[in-house]
Amino acid sequence: MHSDGGLRFEARFQAARAGSVLARLREGVQRIHALASSAVPAGGCVTADPGDGVLDPVAGHVLHVARRAFERDIPVLINGETGTGKEVLARRLHADSSRAGGPFVAINCSSLPAGLIESEFFGYEDGAFTGARRGGAQGKFEMARGGTLFLDEIGDMPLDLQGRLLRVLQERCFTRLAGARLIPFDARIVAATHRRLDTLVAEGRFREDLYYRIKGVGVCLPALRERGDRAALIEALLAQERGGQGGPVLSAEALRVLMSYRWPGNIRQLGHVLRLALTLAEGEVEIGLQHLPEELLMEVAGPAGRSATARGGDVCLRDIELEAVRAAMARNGGNVSATARSLGVARATLYRKLRLLGLA
């Protein structure tokens, strides 16, 4: 809120009894914020764990444990490979909690220069350093008041900042950079990392006391290759990418490749691949091998991919790829440039593949 003179201030009201006008108003605001929090972020993350109906037993148990702990203000530590949806889970916990009416503030501990981390976390006062904003600025800890603070890649946080974070979590207050005024800390904590923090503790690279402070409950998100619901997840993501519109469906061969690939980028990578495939297959009935990135086909069809069969099929994936290239060449009247564009590969790559397949 702002006064007529431009002064920003914040006011809070506490309803004295349930069912009052003020209590109903608060509930309405919380519902609005919950809907906003569950929307797809600008960065393109999928909502929650792409669909409530496709949670495998492992992911469903993870969500259940984390939600119960978070609601009791127990810090949650999420471990998982890059792209498994750690921030998505954190947003889900926030949206499902009594803190849904407050802000969700995320900060990546590995993406900030060392000299800026402290000011980003705790803010700074006027004149704290050269180039500081006049009047100072809030930090992420202050912005998260009444909501949730998500500390992503906390395993990459510098040791000196780990000590200050520990003090904030213990004392529930902090000061801005170059400031003396104590600011209350009122946010629930969700931390995430792709690293083994217990290993970092043993190596002296992560504080043991901070580790046990942020790991009120630890949950691990399975990698995509370990999930038993990959086929359902692929279909759910594909439907989400269509945005409720009709479009091409996955061919059996394309699905076999998607099921056989190791997915080092996990769900995030899968979403990008499906988005590209839908774009390349626009106006067609099926998404075929020619619409998938070359690295998927090469890995699954190559010797390292154990290409003898594809998920119960009797056809060698190299033969499937051969047919896909032949079909693309036929559709484009033998025009190599047009075929390369339709397959999403460079001409040199296509020539190399044609030679390998005996077509050039």
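The table that follows gives values for the structure above.
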| item | result |
| --- | --- |
| Unique match (being of a type in the set (K, R) and under 15 Å from the mean Cα position of the chain (by Cα)) among R164, R145, R91, R133 | R91 |
| Matching residues in the range 104-126 - criterion: being touching a Ser or Thr at 6+ places or on another chain (Cβ under 8 Å) and under 21 Å from L182 (Cβ atoms) | V105, F122 |
| Residue in the range 270-285 that is farthest from the chain's Cα centre (by Cα), counting only those that are outside any loop (DSSP other than H, G, I, E, B) and more than 12 Å from I234 (Cβ to Cβ) | L280 |
| Matching entry among S97, S111 (being surrounded by 18 or more Cβ atoms within 10 Å (Cβ to Cβ) and farther than 22 Å from E208 by Cα) | S97 |
| Per-region count, the range 222-263, residues at pLDDT 90 or above, open to solvent by less than 50 Å² (accessible area, probe 1.4 Å) and not in a helix (DSSP H, G or I) | 6 |
| Qualifying residue in the range 54-64 (condition: open to solvent by less than 40 Å² (accessible area, probe 1.4 Å), at pLDDT below 90, in contact with a Leu (Cβ under 9 Å, 6 or more places away or on another chain) and not aliphatic (A, V, I, L, M)) | yes |
| Hits in the range 196-214 - residues which are over 15 Å from L149 (Cβ atoms), open to solvent by 80 Å² or more (accessible area, probe 1.4 Å) and not aromatic (F, W, Y) | R196, A202, E203, R205, R207, E208 |
| Test result for V105, modelled with pLDDT of 95 or more and either of a type outside the set (S, T, N, Q) or surrounded by 21 or more Cβ atoms within 10 Å (Cβ to Cβ) (or both) | yes |
| Long-range neighbours under 8 Å by Cβ, at least six apart or interchain, first residue in contact (Cβ under 8 Å) with a residue 24 or more places away in the chain within the range 209-231, second part of a loop (DSSP other than H, G, I, E, B) and surrounded by fewer than 16 Cβ atoms within 10 Å (Cβ to Cβ) | G216/I74; V217/I74; R225/R262 |
| D229 within 17 Å of T84 (Cα to Cα) and charged (D, E, K, R) | yes |
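Residue by residue, here is whether (1) at pLDDT below 95; (2) open to solvent by 70 Å² or more (accessible area, probe 1.4 Å); (3) aliphatic (A, V, I, L, M); (4) within 16 Å of V190 (Cβ to Cβ) holds:
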{"residue": "S119", "(1), (2), (3), (4)": "yes, no, no, no"}
{"residue": "G127", "(1), (2), (3), (4)": "yes, no, no, no"}
{"residue": "G131", "(1), (2), (3), (4)": "yes, yes, no, no"}
{"residue": "F141", "(1), (2), (3), (4)": "no, no, no, yes"}
{"residue": "P158", "(1), (2), (3), (4)": "yes, no, no, no"}
{"residue": "L166", "(1), (2), (3), (4)": "no, no, yes, no"}
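The values are calculated or read from the model by the stated rules, or taken from the named source; none is laboratory data. Being a predicted model, the structure only gives us computed values, none of them experimental. Using ideal geometry, Cβ is built from the backbone for each residue, glycine included, and neighbour counts are taken over all protein chains shown. With ligands, DNA and RNA removed, areas are computed over all heavy atoms of the protein, side chains included. Shrake-Rupley method; radii C 1.70, N 1.55, O 1.52, S 1.80 Å.
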